[in-house]
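Undergrad: One structure follows; several queries about it will come next.
The values are calculated or read from the model by the stated rules, or taken from the named source; none is laboratory data. This one's a predicted model, so the numbers in the text were calculated from it and none came from an experiment. With ideal geometry, Cβ positions are generated from the backbone for all residues, glycine too; neighbour counts draw on all protein chains shown.
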């Protein structure tokens, strides 16, 4: 190999100092036994004696041997600094609790030589070839940079750098790729990885005149010195398992789940860039004597200055962490993750022997290994790393295929310094959102042809779902009739909703109530019910324009895995009636059986619609809810999902429900209207009561201040939520939601007519 020369203006040259292997010394550092050979082509300086000159300029013939064992161990994240270098890395831990390393037959090495006078360093590429006794480096010549004169009292140091790609013109050691890479699948044989590593500086023995000694004159202590090698970056290992909820869902069935595009997003790690080899960016000569934190404190634990070259992710996942903190991403494609089995397999997160993230991994659980470089160790609040399964397949519909699925999210409370191992226990959970438990359509009107002025009011629910979001989706049910809703759709049983079921999708009470014209909500408590699970959750929302974004179902059942993002908006509804619809009026009448009771009410609704045949053109709008499952591994907050970029991402699996308005203007009296006084006697006889009883009832109703209930354009419309004391009302065309019962008397609540959107507690088949 020809020597690589930088600024070859001096006539003095020195051979490279290298050796053969790096030893594993229990918990001690891996190091090389250093010797050196000296080659000089210039004439000696006149300050030397003849004997010194002969010794200094005599060409050495030493092979520069190293210790024999080249295995490398990686400590766990909380333990001491790793001692490692580029090689094949085992995905599992050995008996000593370390990742085994096997080196290749050829190992590129960059030698760096500098002096105590702070001259510009000399860089020299070499190739170490594995032999029976270790690694051997062929003799080559190297010239020192201009100004690097040999002088009395001057000290010389050498360090080596490995891994990456040396760019001699730019003075950089490049590492990583900025584009998608093939899947880093780790087999039982390990995975070949490019691990950048640098050694500490070792002072070379010199003569009093400043010239290097040749090896035969080294003392025994000098020959036994070790050159420790420090990895630059962290070893990352990720395992993939299924959430234990899938075990029950699968039953006796099997699943084959694959992830063929994995995106790793981090504010604390980068994946492509270079280590600067500029003089002032090299490690301090005495860094070995400093503490672990001080060694690379200014460079996030790296001994040399790391400069990321990839642009920060254009599609930021966690903007709320810190708008100024860059997010770097790494994309792997191909068969990134692949696991299969049924409920008896060790592929679930609750299996104690399934995956020890610090030691061995059970068969059938996939593992990937990759290397990353720390970029942010000081800003604890904004350190995070997340694994996202972008695409993939599932052989079983009970386990949804990956679609921008957060399978791991980690805040880094501790500094992630170079030389550490970081373990990602990626648990896959991608369920349907709470919208899946809400029927897609309202209960349809019963005999909609009767909804005309003078038509008969149909009683009871149709127990059928509508097939669109038009006028017939307003069923005009009383509360009692809505409580009779029970139907089957797509193999699942649906009934009228409960308040908790409704609020799992649309909060309508207190501070959490959805309001497209209101302010923000921070961590409001909402009681919800999703399937068979109920409890108090945390709800936060942000309004941007006329859209409300929300982060909901946090801490449901003591876990974050049900966490969901919502988007609420009033939208155009092409299925709404395009023209005017009849205004309807439902009157109240005294009933012969009710008036004989000791307590009210004494009235009931007239079995017919009344009205003067007026019509109203309604706004063709509806209230729309979109949902995206986030899960426990999402580490952002509500601000991260409160933007359209998040919701227009085509990789996201979104579920949607549309809630239509009534599109029917009607008025229902809250109390009966009494005839003229001349007709009181005949009315009393019709009801079977005496005149005094009739007068008493009339006086009772005259004292009531109950209002007629109006539903229609601009007025609230009502959805039944299973409780007459908790009415979900949407005033002003669903611009916001309120608990409507609080503004109504008990008598008024009894006469309201409702739409009904049924729910189920059964899982998606």
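Undergrad: In region 476-502, what count of residues is obtained for those that are under 17 Å from residue 722 (Cβ atoms) and either in a strand (DSSP E or B) or in contact with a helix residue (DSSP H, G or I) (Cβ under 8 Å, 6 or more places away or on another chain) (or both)?
TA: Number satisfying all stated conditions: 10.
Undergrad: Now, a different point. Could you tell me whether any residue of region 380-392 is more than 30 Å from residue 164 (Cα to Cα), assigned to a loop (DSSP other than H, G, I, E, B) and touching a residue at least 12 places away in the same chain (Cβ under 8 Å)?
TA: no
Undergrad: Residue by residue through region 517-541, note down the ones that are surrounded by 19 or more Cβ atoms within 10 Å (Cβ to Cβ) and more than 15 Å from residue 638 (Cβ to Cβ).
TA: Across region 517-541, the qualifying residues are 528, 529, 530, 531.
Undergrad: While we're here: Can you pull out every residue in region 266-277 that is within 14 Å of residue 299 (Cα to Cα) and out of contact with any helix residue (DSSP H, G or I) (no Cβ under 9 Å at 6 or more places or on another chain)?
TA: Matches in region 266-277: 269, 270, 273, 274, 276, 277.
Conditions tested, residue by residue: (1) part of a strand (DSSP E or B); (2) farther than 24 Å from residue 671 by Cβ.
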site	(1), (2)
534	yes, yes
543	yes, yes
567	yes, yes
571	yes, yes
574	no, yes
604	yes, no
607	yes, no
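Undergrad: Of the numbered conditions (1) touching a residue at least 12 places away in the same chain (Cβ under 8 Å); (2) over 30 Å from residue 532 (Cα atoms); (3) in the same structural domain as residue 506 (by TED's automatic domain parsing), residue 743 satisfies every one except a single condition; which is it?
TA: Failing condition for residue 743: (1).
Undergrad: With 582, 502 as the choices, which residue is crowded, with 24+ Cβ neighbours inside 10 Å and over 23 Å from the mean Cα position of the chain (by Cα)?
TA: Criteria check complete, one pass: 502.
Quick grid of which residues meet (1) in contact with a helix residue (DSSP H, G or I) (Cβ under 7 Å, 6 or more places away or on another chain); (2) crowded, with 19+ Cβ neighbours inside 10 Å; (3) within 23 Å of residue 534 (Cβ to Cβ):
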position	(1), (2), (3)
683	yes, no, no
687	yes, yes, no
709	yes, yes, no
719	no, yes, yes
730	no, yes, no
737	no, yes, yes
755	yes, yes, no
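Undergrad: On to the next question. Could you please give the count of residues in region 737-761 that are outside any loop (DSSP other than H, G, I, E, B) and within 30 Å of residue 493 (Cα to Cα)?
TA: Total satisfying the criteria: 10.
Undergrad: Go over the candidates 420, 411 one by one and state the one that is surrounded by 23 or more Cβ atoms within 10 Å (Cβ to Cβ) and either farther than 30 Å from residue 307 by Cα or in contact with a strand residue (DSSP E or B) (Cβ under 7 Å, 6 or more places away or on another chain) (or both).
TA: One residue alone meets the criteria, 420.
Undergrad: Filter region 400-422 down to the residues that are in a strand (DSSP E or B) and modelled with pLDDT under 85 and list them by number.
TA: Matches in region 400-422: 421, 422.
Undergrad: Restricting the search to region 232-287, which residues are in a strand (DSSP E or B) and surrounded by fewer than 18 Cβ atoms within 10 Å (Cβ to Cβ)?
TA: Within region 232-287, 254, 256 qualify.
Undergrad: If only one of 255, 265, 285, 259 is outside the structural domain of residue 203 (by TED's automatic domain parsing) and within 19 Å of residue 646 (Cβ to Cβ), which one is it?
TA: The conditions single out 265.
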